Amino acid sequence: MNKNGLKIMFGIVFTVLFAVSVALIAVKQYILGAIFGVLTITLIITYISIYNKMVRYKNKVKESLALIDIHLKLRFDLVPNLVNTVKGYAKHEKEVLTEVTRLRNLAVKATDESQKLDYSNQLVPQMKSLIAVAESYPDLKAQPLFKDLMEQLGDIEDRIVSARRIYDSNVNEYNSLIKTFPSNLLAKTYGYTEEVLFKIDANEKVLPVVKE
(Lines give C-alpha, C1' and ligand atoms only; values in the text may rest on other atoms or scores of the structure.)
Protein backbone atom coordinates (compact mmCIF):
# COMPACT_ATOMS: atom_id res chain seq x y z
CA MET A 1 0.00 0.00 0.00
CA ASN A 2 1.38 3.44 -0.97
CA LYS A 3 1.52 6.40 1.38
CA ASN A 4 -1.69 7.99 0.03
CA GLY A 5 -3.48 4.69 0.61
CA LEU A 6 -2.19 4.58 4.20
CA LYS A 7 -3.38 8.13 4.84
CA ILE A 8 -6.83 7.21 3.56
CA MET A 9 -6.83 4.07 5.71
CA PHE A 10 -5.97 6.00 8.88
CA GLY A 11 -8.64 8.56 8.05
CA ILE A 12 -11.25 5.85 7.55
CA VAL A 13 -10.33 4.11 10.83
CA PHE A 14 -10.62 7.32 12.85
CA THR A 15 -13.87 8.29 11.12
CA VAL A 16 -15.46 4.87 11.65
CA LEU A 17 -14.49 4.75 15.32
CA PHE A 18 -15.85 8.24 15.90
CA ALA A 19 -19.07 7.43 14.01
CA VAL A 20 -19.55 4.23 16.05
CA SER A 21 -19.05 6.19 19.26
CA VAL A 22 -21.65 8.79 18.26
CA ALA A 23 -24.08 6.12 17.10
CA LEU A 24 -23.81 4.17 20.36
CA ILE A 25 -24.39 7.31 22.42
CA ALA A 26 -27.37 8.15 20.19
CA VAL A 27 -29.01 4.79 21.08
CA LYS A 28 -28.17 5.35 24.75
CA GLN A 29 -25.30 2.85 24.84
CA TYR A 30 -23.32 5.33 26.81
CA ILE A 31 -20.67 2.99 28.20
CA LEU A 32 -19.84 1.44 24.83
CA GLY A 33 -20.02 4.85 23.22
CA ALA A 34 -17.61 6.23 25.78
CA ILE A 35 -15.27 3.27 25.24
CA PHE A 36 -15.16 3.85 21.49
CA GLY A 37 -14.78 7.59 22.08
CA VAL A 38 -11.82 7.08 24.40
CA LEU A 39 -10.32 4.58 21.96
CA THR A 40 -10.64 7.07 19.11
CA ILE A 41 -9.06 9.89 21.10
CA THR A 42 -6.24 7.59 22.30
CA LEU A 43 -5.43 6.50 18.76
CA ILE A 44 -5.43 10.07 17.48
CA ILE A 45 -3.15 11.22 20.31
CA THR A 46 -0.81 8.26 19.67
CA TYR A 47 -0.82 9.06 15.95
CA ILE A 48 0.11 12.70 16.58
CA SER A 49 2.69 11.77 19.23
CA ILE A 50 4.49 9.30 16.93
CA TYR A 51 4.41 11.77 14.03
CA ASN A 52 5.86 14.56 16.18
CA LYS A 53 8.54 12.18 17.47
CA MET A 54 9.58 11.28 13.91
CA VAL A 55 9.79 14.97 13.00
CA ARG A 56 11.86 15.67 16.11
CA TYR A 57 14.28 12.78 15.46
CA LYS A 58 14.60 13.75 11.80
CA ASN A 59 15.45 17.31 12.80
CA LYS A 60 18.10 16.03 15.25
CA VAL A 61 19.72 14.13 12.37
CA LYS A 62 19.71 17.25 10.20
CA GLU A 63 21.12 19.41 12.99
CA SER A 64 23.94 16.97 13.78
CA LEU A 65 24.81 16.68 10.08
CA ALA A 66 24.92 20.48 9.89
CA LEU A 67 27.35 20.43 12.83
CA ILE A 68 29.64 18.07 10.88
CA ASP A 69 29.43 20.45 7.92
CA ILE A 70 30.55 23.36 10.10
CA HIS A 71 33.65 21.49 11.27
CA LEU A 72 34.42 20.23 7.76
CA LYS A 73 34.31 23.83 6.53
CA LEU A 74 36.90 24.73 9.18
CA ARG A 75 39.09 21.91 7.83
CA PHE A 76 38.61 23.10 4.25
CA ASP A 77 39.44 26.70 5.23
CA LEU A 78 42.66 25.61 6.92
CA VAL A 79 43.94 23.56 3.97
CA PRO A 80 45.17 26.48 1.76
CA ASN A 81 47.27 27.89 4.61
CA LEU A 82 48.72 24.46 5.32
CA VAL A 83 49.52 23.85 1.64
CA ASN A 84 51.16 27.27 1.23
CA THR A 85 53.24 26.78 4.38
CA VAL A 86 54.52 23.37 3.29
CA LYS A 87 55.01 24.56 -0.29
CA GLY A 88 57.54 27.11 0.89
CA TYR A 89 59.81 24.28 2.08
CA ALA A 90 58.84 21.42 -0.26
CA LYS A 91 58.03 22.83 -3.68
CA HIS A 92 59.14 19.59 -5.32
CA GLU A 93 56.30 17.69 -3.57
CA LYS A 94 54.02 18.95 -6.30
CA GLU A 95 51.85 15.82 -6.58
CA VAL A 96 50.80 15.82 -2.91
CA LEU A 97 50.25 19.58 -2.84
CA THR A 98 48.17 19.48 -6.03
CA GLU A 99 46.01 16.54 -4.89
CA VAL A 100 45.28 18.10 -1.50
CA THR A 101 44.24 21.35 -3.16
CA ARG A 102 42.15 19.56 -5.80
CA LEU A 103 40.18 17.49 -3.29
CA ARG A 104 39.68 20.47 -1.00
CA ASN A 105 38.25 22.53 -3.88
CA LEU A 106 35.96 19.70 -4.98
CA ALA A 107 34.65 19.29 -1.43
CA VAL A 108 34.00 23.01 -1.07
CA LYS A 109 32.11 23.16 -4.37
CA ALA A 110 30.09 19.96 -3.78
CA THR A 111 26.36 20.61 -3.37
CA ASP A 112 25.38 17.01 -2.66
CA GLU A 113 25.98 16.05 0.98
CA SER A 114 27.17 12.49 0.28
CA GLN A 115 29.55 13.75 -2.40
CA LYS A 116 30.97 16.35 -0.02
CA LEU A 117 31.59 13.69 2.63
CA ASP A 118 33.22 11.44 0.05
CA TYR A 119 35.65 14.15 -1.07
CA SER A 120 36.34 14.98 2.57
CA ASN A 121 37.21 11.36 3.30
CA GLN A 122 39.51 11.24 0.27
CA LEU A 123 41.16 14.42 1.50
CA VAL A 124 42.18 12.95 4.88
CA PRO A 125 44.88 10.48 3.69
CA GLN A 126 46.26 13.16 1.35
CA MET A 127 46.56 15.55 4.29
CA LYS A 128 48.35 12.78 6.18
CA SER A 129 50.81 12.56 3.29
CA LEU A 130 51.26 16.32 3.36
CA ILE A 131 52.06 16.25 7.08
CA ALA A 132 54.41 13.31 6.51
CA VAL A 133 56.30 15.48 4.02
CA ALA A 134 56.64 18.15 6.71
CA GLU A 135 58.34 15.59 8.98
CA SER A 136 61.37 15.76 6.67
CA TYR A 137 61.84 19.50 7.24
CA PRO A 138 62.90 20.39 10.82
CA ASP A 139 62.92 24.10 9.99
CA LEU A 140 59.31 23.88 8.81
CA LYS A 141 58.19 22.02 11.95
CA ALA A 142 59.86 24.69 14.05
CA GLN A 143 57.92 27.49 12.39
CA PRO A 144 55.32 29.09 14.75
CA LEU A 145 52.81 29.27 11.88
CA PHE A 146 53.12 25.56 11.14
CA LYS A 147 52.80 24.66 14.82
CA ASP A 148 49.69 26.82 15.08
CA LEU A 149 48.17 25.17 12.00
CA MET A 150 48.82 21.73 13.48
CA GLU A 151 47.14 22.70 16.73
CA GLN A 152 44.13 24.06 14.85
CA LEU A 153 43.98 20.95 12.68
CA GLY A 154 44.13 18.61 15.67
CA ASP A 155 41.31 20.52 17.35
CA ILE A 156 39.18 20.45 14.18
CA GLU A 157 39.69 16.71 13.71
CA ASP A 158 38.67 16.06 17.32
CA ARG A 159 35.53 18.11 16.75
CA ILE A 160 34.71 16.17 13.58
CA VAL A 161 35.04 12.85 15.42
CA SER A 162 32.81 14.12 18.24
CA ALA A 163 30.22 15.50 15.81
CA ARG A 164 30.24 12.23 13.89
CA ARG A 165 29.47 10.29 17.08
CA ILE A 166 26.51 12.58 17.79
CA TYR A 167 25.28 12.20 14.22
CA ASP A 168 25.57 8.41 14.26
CA SER A 169 23.73 8.25 17.60
CA ASN A 170 20.88 10.40 16.25
CA VAL A 171 20.70 8.34 13.06
CA ASN A 172 20.48 5.08 15.03
CA GLU A 173 17.63 6.48 17.16
CA TYR A 174 15.78 7.76 14.11
CA ASN A 175 16.23 4.54 12.10
CA SER A 176 15.09 2.41 15.03
CA LEU A 177 11.96 4.54 15.37
CA ILE A 178 10.88 4.36 11.74
CA LYS A 179 11.54 0.61 11.49
CA THR A 180 9.49 -0.47 14.54
CA PHE A 181 5.73 -0.95 14.75
CA PRO A 182 3.52 1.11 14.73
CA SER A 183 5.74 4.07 13.86
CA ASN A 184 6.89 2.27 10.70
CA LEU A 185 3.36 2.70 9.33
CA LEU A 186 3.47 6.44 9.83
CA ALA A 187 7.01 6.59 8.44
CA LYS A 188 5.77 4.97 5.25
CA THR A 189 2.70 7.21 5.21
CA TYR A 190 4.75 10.41 5.32
CA GLY A 191 7.77 9.25 3.33
CA TYR A 192 10.30 9.02 6.17
CA THR A 193 13.17 6.81 4.99
CA GLU A 194 16.23 5.35 6.66
CA GLU A 195 19.31 7.58 7.06
CA VAL A 196 22.87 6.35 6.53
CA LEU A 197 25.69 6.56 9.05
CA PHE A 198 28.62 8.89 8.47
CA LYS A 199 31.15 6.85 6.50
CA ILE A 200 34.82 7.19 7.38
CA ASP A 201 37.59 4.62 7.84
CA ALA A 202 38.45 3.95 11.49
CA ASN A 203 42.13 4.76 11.01
CA GLU A 204 41.34 8.13 9.43
CA LYS A 205 39.39 9.77 12.23
CA VAL A 206 42.23 11.93 13.47
CA LEU A 207 45.28 13.15 11.63
CA PRO A 208 48.62 12.03 13.06
CA VAL A 209 50.26 14.35 15.57
CA VAL A 210 53.51 15.87 14.37
CA LYS A 211 56.24 15.13 16.89
CA GLU A 212 58.29 18.01 18.22
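In table form, for the structure just shown:
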quantity: Those residues of the stretch 78-98 which are open to solvent by less than 50 Å² (accessible area, probe 1.4 Å) and modelled with pLDDT of 85 or more, in sequence order; calculated: 78, 79, 80, 82, 83, 85, 86, 96, 97
quantity: Any pair with Cβ under 9 angstrom, 6 or more apart, that starts in the stretch 62-81 at a residue that is on the phi > 0 side of the Ramachandran plot and ends at one that is in a helix (DSSP H, G or I) and of a type outside the set (D, E, K, R); calculated: none
quantity: Residue within the stretch 109-125 that is part of a helix (DSSP H, G or I), crowded, with 17+ Cβ neighbours inside 10 Å and aromatic (Phe, Trp, Tyr) present; calculated: yes
quantity: Condition check for residue 58: open to solvent by 90 Å² or more (accessible area, probe 1.4 Å) and either closer than 30 Å to residue 151 by Cβ or touching a residue at least 60 places away in the same chain (Cβ under 8 Å) (or both); calculated: no
quantity: So residue 65, is it within 23 Å of residue 173 (Cα to Cα) and surrounded by 14 or more Cβ atoms within 10 Å (Cβ to Cβ); calculated: yes
quantity: Odd one out for residue 80 among (1) under 30 Å from residue 146 (Cα atoms); (2) assigned to a loop (DSSP other than H, G, I, E, B); calculated: (2)
quantity: Scan of the stretch 99-150 for residues that are at pLDDT 90 or above and of a type in the set (Asp, Glu), ordered by number; calculated: 99, 148
quantity: Subset of the stretch 149-159 (residues that are within 13 Å of residue 72 (Cα to Cα) and open to solvent by 50 Å² or more (accessible area, probe 1.4 Å)); calculated: 152, 155, 158, 159
quantity: Single residue of the stretch 4-25 satisfying the filter (among the small types (Gly, Ala, Ser) and modelled with pLDDT under 80) that is nearest to residue 41 (Cα to Cα); calculated: 11
quantity: Positions within the stretch 76-100 being among the β-branched types (Val, Ile, Thr) and within 21 Å of residue 154 (Cβ to Cβ), in sequence order; calculated: 79, 83, 85, 86, 96, 100
quantity: Residues satisfying the stated conditions in the stretch 91-108, i.e. touching a helix residue (DSSP H, G or I) at 6+ places or on another chain (Cβ under 7 Å) and closer than 11 Å to residue 119 by Cα; calculated: 100, 103, 104, 106, 107, 108
quantity: Test: residue in the stretch 44-51 that is without any contact (Cβ under 8 Å) to a residue 40 or more places away in the chain and surrounded by 14 or more Cβ atoms within 10 Å (Cβ to Cβ); calculated: yes
quantity: Residue in the stretch 133-148 that is hydroxyl-bearing (Ser, Thr, Tyr), in a helix (DSSP H, G or I), out of contact with any His (no Cβ under 6 Å at 6 or more places or on another chain) and surrounded by fewer than 17 Cβ atoms within 10 Å (Cβ to Cβ) present; calculated: no
quantity: Candidate set from the stretch 88-108 (those that are not in a helix (DSSP H, G or I) and not aromatic (Phe, Trp, Tyr)); member that is nearest to residue 74 (Cα to Cα); calculated: 88
quantity: Index of the failed condition, residue 194 passing every other in (1) more than 29 Å from residue 59 (Cβ to Cβ); (2) of a type in the set (D, E, K, R); (3) modelled with pLDDT of 90 or more; calculated: (1)
quantity: Number of the exception - residue 178 against (1) among the β-branched types (Val, Ile, Thr); (2) open to solvent by less than 20 Å² (accessible area, probe 1.4 Å); (3) outside any helix (DSSP H, G or I); calculated: (3)
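The values are calculated or read from the model by the stated rules, or taken from the named source; none is laboratory data. The structure displayed is predicted, hence computed values, not measured ones. Neighbour counts run over all protein chains shown; Cβ positions are idealised from the backbone, glycine included. Note: areas computed on protein heavy atoms with side chains; ligands, DNA, RNA excluded. Shrake-Rupley method; radii C 1.70, N 1.55, O 1.52, S 1.80 Å.
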